[in-house]
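Asker: Here it is: the structure, laid out below.
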2 protein chains.
Amino acid sequence: MITSPARQARPLLPLDEACCTPLLREPITASQAADLAGLLKALADPIRLRLVSMVAAHEGGEACVCELTEPLGLTQPTISHHLKILVSAGIFTRDKRGVWAYYALVPSALQALAAVLSADR
Amino acid sequence: MITSPARQARPLLPLDEACCTPLLREPITASQAADLAGLLKALADPIRLRLVSMVAAHEGGEACVCELTEPLGLTQPTISHHLKILVSAGIFTRDKRGVWAYYALVPSALQALAAVLSADR
DNA sequence: TTCAGACATAGAAAAGTTTCGATGTCTAGC
DNA sequence: GCTAGACATCGAAACTTTTCTATGTCTGAA
């Protein structure tokens with residue numbers, strides 16, 4: 001029998017993330033556009049946006065799959081699939097502790113994106 | 001015979017745009033997520049990102065379809081299709097002057113998006 | 001070692017997206 | 001009015017995404 005997920009210490013994650021090609025000042029290259037589109041695509045889904053919002057607002061800034069499945073009304077494999085996309089894009093980290101996988105936001109990811117979008121000419 | 005597109009005065013566009021549900025402070029609703037995903041989806045394509053970048057960096061802050069087609073290596077209907085998506089999302093305005101359709105960035109659209117993404121808890 | 005449960009992966013169906021060629025519409029010049 | 005040209009729309013082909021059910025893997029308790 002497995003009991004309810006206990007809250008444990010979460011390791012600090014090193015910040016990284018390439019960033020900051022100004023979008024509006026000069027035409028970006030095809031490969032810059034592909035990179036940025038990849039990040040935006042990961043976010044451009046209502047379920048994934050709600051996952052980002054729910055995880056960020058969750059106590060401790062992290063949540064496991066079992067805490068995310070029910071409120072979204074989708075099956076566990078579907079939620080796992082969306083979480084994987086968010087991790088691949090560098091938006092979430094995944095930390096497996098015991099039987100549970102804890103997902104947490106990489107704060108710099110969204111900030112870098114916001115910076116690219118709002119940096120003017 | 002139609003000569004090359006002459007630069008004409010562009011009317012100032014009134015700023016608007018609904019905005020600013022904090023994404024990270026508390027879980028957003030399904031309908032907020034759908035709205036935000038719609039905006040992100042419009043941007044989450046390499047061709048459309050390059051269109052945004054090219055138009056913003058273009059002289060006068062606007063460009064017509066004929067100026068955008070060749071550098072992207074796609075056909076005119078395909079570029080028109082992408083431009084339509086950007087207009088529908090409120091990212092571009094379309095101003096038909098004579099035979100040409102001039103597209104321009106709505107600056108507040110990207111700024112609103114950046115604000116939603118970077119507003120912390 | 002065995003079992004229950006949390007999560008991931010695989011494969012398939014349905015739906016959505018991107019792109020094209022063909023064609024329609026509208027403007028400006030003749 | 002007629003024509004050329006800029007742009008939009010249509011319909012179809014190819015591809016990608018979303019979601020499911022079924023199944024696999026791994027951890028911790030007994």
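Every number here is computed from the coordinates shown, using simple stated rules; none is lab data. It should be emphasised that the depicted structure is a prediction, and the values quoted were computed from it without experimental measurement. So basically every Cβ, Gly included, is an ideal-geometry build from the backbone, and we count neighbours across all protein chains shown.
Asker: Over the whole of B:105-118, what's the average partner chain Cβ count within 10 Å per residue? Rounded to a whole number, please.
Answerer: Per residue, the average neighbour count from other chains is 4.
Asker: While we're on this one: Sort B:H82, A:H81 so the one with the fewest other Cβ atoms within 10 Å of its own Cβ comes first.
Answerer: Least to most surrounded, the residues fall as A:H81, B:H82.
Asker: Over 29 Å between Cα atoms: which of A:K41/A:K96; A:K84/B:K84; A:K84/B:K41 fall into that group? List each step's numbers first, then the result.
Answerer: Numbers: A:K41/A:K96 25 Å; A:K84/B:K84 31 Å; A:K84/B:K41 19 Å.
Table pairs above 29 Å Cα-Cα are A:K84/B:K84.
Asker: Show me, for segment A:46-51, the HN-Hα J-couplings you get by feeding each phi into the Karplus relation (A = 6.51, B = -1.76, C = 1.60, θ = phi - 60°), rounded to Hz, glycine and proline as x.
Answerer: Result, ordered by residue: x, 5, 5, 5, 5, 4 Hz.
Asker: Still on this structure, I have one more. Between Rg and the Kirkwood Rh of segment B:24-81, both from Cα atoms, what is the Rg to Rh ratio?
Answerer: 1.15
Asker: Quick one: which residues, 5 or more positions from B:F92 or on another chain, have an amide H under 5 Å from its amide H? H modelled 1.01 Å from N in the peptide plane, none for Pro or chain starts.
Answerer: B:V87, B:V106
Asker: Using the number of other C-beta atoms within 10 angstrom as an exposure proxy, rank A:K41, A:K96 with the fewest first.
Answerer: Fewest-to-most ranking of A:K41, A:K96: A:K96, A:K41.
Asker: Report, largest value first, the span of the C-alpha coordinates of segment B:64-121 along each principal axis, in whole Å.
Answerer: 47, 25, 16 Å, listed from the longest principal axis down.
Asker: Around A:W100, which amide H atoms from residues at least 5 apart in sequence, or from another chain, sit under 5 Å from its own amide H, with H modelled in the peptide plane?
Answerer: The list, which skips near neighbours in sequence, is empty: none.
Asker: Per-residue Cβ counts within 10 Å, from other chains only, averaged over B:25-38: what number is that?
Answerer: Averaged over the peptide's residues, the number is 5.
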